[in-house]
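Report on one structure; see the data block that follows.
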Amino acid sequence: MNGKLILADKGYDSDKFVRWLKERSGIAVIPSRIIANYPRKTDWHTYKERHLVANLFLKLKNNRRFATRYEKKALYFRAVVCLACILAWLL
């Protein structure tokens, strides 16, 4: 596959944005709004993966240290992310 999949919600459904993605060889997986004159086809199986990622970030933000990002160095913040992921996986 040549391009990258861009998963977004209906708020990013504009012809200008989708054209911009296609110019940069991106593949838009964005459902069309209800009021769209020409609705695009959407790969719903791939779009559902966006929901999983959003739920993961919701669980990670329950950890206050992750949400406020006290650590300023990337290495230390990565350790906090790993610990938060382990806690989300265990709970």
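Quick look at the numbers
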quantity: Calculated FRET efficiency for the pair residue 67/residue 14, C-beta based, R₀ 35 Å, to 0.05; calculated: 0.70
quantity: Signed unit charges on C-beta, dipole axis of the chain, positive-most listed residue 34, 76, 14; calculated: 76
quantity: Dipole magnitude of the chain, debye to nearest 20 (Cβ charges: Lys/Arg +1, Asp/Glu -1, about Cα centre); calculated: 300 debye
quantity: Residue 27 long-range amide H proximity, modeled H, under 5 Å; calculated: 4, 5, 6
quantity: Mean separation of Cα contacts under 8 Å, 6 or more apart, over the residue count of the chain: relative contact order %; calculated: 20 percent
quantity: Rounded if a/c under 1.5, otherwise prolate or oblate - segment 1-47, Cα gyration tensor axes; calculated: oblate
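Each reported figure results from applying straightforward, stated rules to the coordinates on display, with no laboratory input. Being a predicted model, the structure only gives us computed values, none of them experimental. Counting neighbours? That spans all protein chains shown, and the Cβs are built from the backbone with ideal geometry, glycine included.
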